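The values are calculated or read from the model by the stated rules, or taken from the named source; none is laboratory data. Predicted model, so just to flag it, every value in this text is computed and none were measured. All Cβ positions, even for glycine, are placed from backbone atoms using ideal geometry, and neighbour counts span all protein chains on display.
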Amino acid sequence: MRNGCKWLRVVAAVLVIGAGPSRQVDASELMPATDLQREGRAASTDCVPLLLEFARGDCEYCTLLEQEVLEPMQRNRDYRRRVRMRRLLLDSDRPVRDFDGRNRDAESLARRYQVRVTPTLLFVDDRGQELADRMVGVTTLDFYGAYLDQALEQARDRLRHEGCCPHRP
């Protein structure tokens, strides 16, 4: 019995130490954009578009879109094979490395792409060039997934047409 109690104390100590202040990111959570140059290269290697969500922390429609559409997509292995997703929070002052390697804030990237409404989804290649029609705002979620699938297919077709993915179907 003494060894059993000792074992429980060891397990409890490991759990307490492991529950330190660092926050682990949920696999379904949309990752923030930090280095678009690196993300673009990774998307190009995988022969998939990079989906950029421009959002604000206080935007109810952004939260709705993330919870009802984007995060479930992130959990789905088939979508993870078809697209790489990152979020740009316009009200964050955290620098983001742009496709040209320069540090910028999300607001200046929004100006570059002429994003005026949140949420806005862009589908870009490894150079930051738009590959499909952007999706601006959310009015209803009823058909949003279908429109998103169409935009993803348009972006993938454009990548294949440009010769990015000759080896992929």
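General remarks:
- Extreme residue, surrounded by the fewest Cβ atoms within 10 Å (Cβ to Cβ), among residues of the range 136-153 that are assigned to a loop (DSSP other than H, G, I, E, B) and within 18 Å of the chain's Cα centre (by Cα): 137
- For the range 26-58, the set of residues classified as more than 14 Å from residue 80 (Cβ to Cβ), in a helix (DSSP H, G or I) and of a type in the set (A, V, I, L, M) consists of 36 only.
- Breaking point among (1) modelled with pLDDT under 95; (2) of a type in the set (Phe, Trp, Tyr); (3) more than 13 Å from the chain's Cα centre (by Cα), for residue 79: (3)
- The range 74-91, residues that are surrounded by 14 or more Cβ atoms within 10 Å (Cβ to Cβ) and either charged (D, E, K, R) or in contact (Cβ under 8 Å) with a residue 40 or more places away in the chain (or both): 74, 80, 82, 83, 84, 85, 86, 87, 88, 89
- Unique residue being of a type in the set (A, V, I, L, M, F, W, C), closer than 27 Å to residue 68 by Cα and modelled with pLDDT under 95 when the list is 146, 151, 155: 146
- The range 97-107, residues that are surrounded by fewer than 21 Cβ atoms within 10 Å (Cβ to Cβ) and not in a loop (DSSP other than H, G, I, E, B): 97, 103, 104, 107
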